[in-house]
Every structure is written in structure tokens, then in C-alpha cells.
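The values are calculated or read from the model by the stated rules, or taken from the named source; none is laboratory data. Quick caveat: nothing in here was measured; it's all calculated off a predicted structure. Neighbour counts are summed over all protein chains in view; Cβ atoms, including those assigned to glycine, are modelled from backbone coordinates with ideal geometry.
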């Protein structure tokens, strides 16, 4: 994994990006090379739990234990958690009961174009909240 290779300069560049206020996430946590052994936990803001652990979490005790352990580990390190791929209400409810900070998946909403996403967000915001939309290029 390139994140732990100081020779490439990637780690220093990521620290610089984070110092500029950009939040960094470790995606697909718990699978393959996505583990805390490849990054300094103090240099990431969020762990994204791989959807393989989310699928049927309400029926699969092992997946539930894994997600709970990852959530507790992250909380202890001051890292936010997002669970990917919650497709059913039962999965969503299980993740909420465990205490995941955020959830992504069809149980929340299906992918949609920009204008529909703004409508969807606006309809679900508290009345006093204000939605600010930033547009532009990262280039």
C-alpha cells in the first residue's frame, strides 16, 4: 500500500492535504490492504466499513461483532465511522443500534442526479438549517 511508503512522498503529501482542512477516509476498512497497519490512525478522519460486513448484519452475528468491534476501535481513536452498503431497513437499524456515525446505501437513498439530490437534501433538513452548495473544480 502506498500510504505507508515514505519513499514515494505520499504520506507527507497526505499530511499536507489534511493540514489544509481536507478530511481523509480509509475506504473498505477490514478487507484487503485497508487496515490501520498501513496508516497512522492520527492521520485519518474516517473509516469506511466495507459493505461485506454490512450485508445481512441483522442475521449474521459474526458481521455484527466485526462492525461493533471496528466502531469501538474507531471511537477509541477518535475516528468517525461510516458503514457502506446498507440496502435494507433491517441493516440500517442494526447499524444505528451499534452506533455507526454515518451510513451509506439504498436504505437511505438511491443514486440521483445533482438537482434531485439537492431537492432530497432540502426536503430532509431541519427548517432552520441552511444548505450551502459549493461548485467548482478540484483541478
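Six or more apart or on different chains, Cβ atoms under 7 Å: show the pairs whose first residue is in the range 50-66 and on the phi < 0 side of the Ramachandran plot and free of Cβ contacts under 8 Å to residues at least 12 places away in the same chain and whose second is part of a helix (DSSP H, G or I) and surrounded by 13 or more Cβ atoms within 10 Å (Cβ to Cβ). Partner pairs satisfying both residue conditions: 63/53.
Among the candidates 112, 96, the residue that is over 18 Å from residue 52 (Cβ atoms) and touching a strand residue (DSSP E or B) at 6+ places or on another chain (Cβ under 8 Å) is uniquely 96.
Matching residues to (1) buried (at least 17 other Cβ atoms within 10 Å of the Cβ); (2) at pLDDT 75 or above:
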| residue | (1), (2) |
| --- | --- |
| 13 | no, yes |
| 17 | no, yes |
| 31 | no, no |
| 44 | yes, yes |
| 57 | yes, yes |
| 61 | no, yes |
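All conditions in (1) in contact with a helix residue (DSSP H, G or I) (Cβ under 8 Å, 6 or more places away or on another chain); (2) surrounded by 15 or more Cβ atoms within 10 Å (Cβ to Cβ) hold for residue 108, with the sole exception of (2). When the residues of the range 73-93 are filtered to those that are part of a helix (DSSP H, G or I) and in contact with a strand residue (DSSP E or B) (Cβ under 8 Å, 6 or more places away or on another chain), which remaining residue is surrounded by the most Cβ atoms within 10 Å (Cβ to Cβ)? Among those residues, the one meeting the criterion is 74. Checked across the range 104-117, the condition of being touching a residue at least 12 places away in the same chain (Cβ under 8 Å) and either closer than 16 Å to residue 24 by Cα or over 17 Å from the mean Cα position of the chain (by Cα) (or both) holds for no residue.
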